[in-house]
1. At 0.36 nm per residue, and after removing the present C-alpha to C-alpha distance, how many nm does the segment from Q165 to D38 gain when stretched out fully?
2. Using every Cα-Cα pair within the chain, state what percent have a distance larger than 36 Å.
3. What is the percent carbon and sulfur in the accessible area of the chain, measuring with a 1.4 Å probe over the protein chains and ignoring ligands?
4. Round to the nearest 10 and report in Å² the accessible area of M96, as given by a 1.4 Å probe over the protein chains' heavy atoms.
5. What ranking of R99, R299 comes out by heavy-atom accessible area, probe 1.4 Å, highest first?
6. Given a Förster radius of 30 Å and the C-beta distance between A216 and A123 as r, what FRET efficiency does 1/(1 + (r/R0)^6) yield to the nearest 0.05?
7. How many angstrom lie between the Cα centre of the range 289-355 and the Cα centre of the range 52-120?
8. Where both residues lie in the chain, what percent of DSSP beta bridges are antiparallel, nearest 5?
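The values are calculated or read from the model by the stated rules, or taken from the named source; none is laboratory data. Note that the structure is a prediction, hence the values are computed from the model and not measured. When we count neighbours, we look across all protein chains shown, and the Cβ atoms used for this are built from the backbone with ideal geometry, even at glycine. Please note that ligands, DNA and RNA were not included when accessible areas were found on the heavy atoms of the full protein model with its side chains. Shrake-Rupley method; radii C 1.70, N 1.55, O 1.52, S 1.80 Å.
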Amino acid sequence: MSEPLSPSRRGPVVVTGIGALVTNDPALGPGPLGVVRDAALVVEEGRVVWVGPARRAPDADRRHDVGGRAVIPGFVDSHSHLLYAGDRTEEFNARMSGRPYTAGGIRTTVAATREASDAELTARLAAHLREMTRQGTTTVETKSGYGLTVELEARALRVARAQLQEVTYLGAHVVPPEYADSPEEYVALVTGPMLDACAPHARWIDVFCERGAFDADQARAILTAGRRRGLELRVHANQLTAGPGVRLAVELGARSADHCTHLTDADVDALAESEGQTVATLLPGCEFSTRSPYPDARRLLAAGVVVALATDCNPGSSFTSSMPFCVALAVREMGMTPDEALWSATAGGAAALARTDVGRLTPGARADLVVLDAPSPVHLAYRPGVPLVAEVWRSGEPEVGAAG
């Protein structure tokens, strides 16, 4: 019988009755997911302290029986853009209807974000995070990039840092209209006064290295300036063309090259030769929303590249916050197996954030777990669009479904 759970009550709790427990540790069970059947785990002080067969579970004052359901690590969404205001419904509607639409794309969001109050940004971010939690996401990275002035980029990062650990400075998202005729002046701003204002509030620096945004030389200058200020590196790479972004990311030791939609053989070789230092983060929600070709995940996996999945949640090209949806897309459209997609959405996302405390359910890991209303995690791809998340725990505390 389950003991009602409450954040106000402390002490260990045994989660038992687990039909299939995904640990992401091959030493604990077969396959890369390290699946333990008929399993239990013990949570204490926000951490996993024991996993194994339910029949061997140690005693604890509290027990929580999940009735044969599958349990997986909380999803790790390592790429999102949640610090924005405004709405781009009409842009999406026109694109899906085959009608021309010439509003400003990213610049439309920049204009609306510049007009928004701190309270509006804070409330919108909190709403997105609640939505993500309900879908099983327990670790989120998000970026600035819709202010593009010193004051507004720093404001966005302060708002994010109040709610999140994984915060990325993306002043180099696009060149704003006021610098259209002098992009080098904007690069100097991004690497100078804007970086000075933003670095104290961020862990990461990112750049959109792409035709129409920032070229290789500009991206190199931006990333190296960020690294000098103690920020770790990420790169928006090879989304629209087979450009220099991926190889620049590997050359500079960026932790993640994100999108990786258009890759040459040299790009794939560079990622493989990084031996996991640079993770290829794939964002299938973007291709789904823009009717673009999907990345070839099978090609990357066959080469030994470490792959992550993330939502790229943003108001223009991927307005989804659902990691289960991205898992289903990865399996159905990108050649991944259900096990590979789940690993990439959990342990892969953790690798893209250089985190060892999340994305797994092993002793010492943070007790971020998701109970699925299904006997197997394969149902995430098998039943796309079905709300399968029954419970979500973060740091050992039930946030969705399990509180008594």
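1. Details: separation 127, 0.36 × 127 = 45.72 nm, distance 3.40 nm.
Answer, rounded to one decimal: 42.3 nm.
2. Details: 19161 of 81406 pairs.
Here the long-distance tail beyond 36 Å is 24 percent of all Cα pairs in the chain.
3. Details: 7860 of 15560 Å².
The nonpolar share, carbon plus sulfur, comes to 50 percent.
4. 50 Å²
5. Numbers: R99 115, R299 80 Å².
If we order R99, R299 from most to least accessible, we get R99, R299.
6. Efficiency computed from Cβ-Cβ geometry: 0.20.
7. That distance is 14 Å.
8. On the way: 25 of 57 bridges.
Close to 45 percent.
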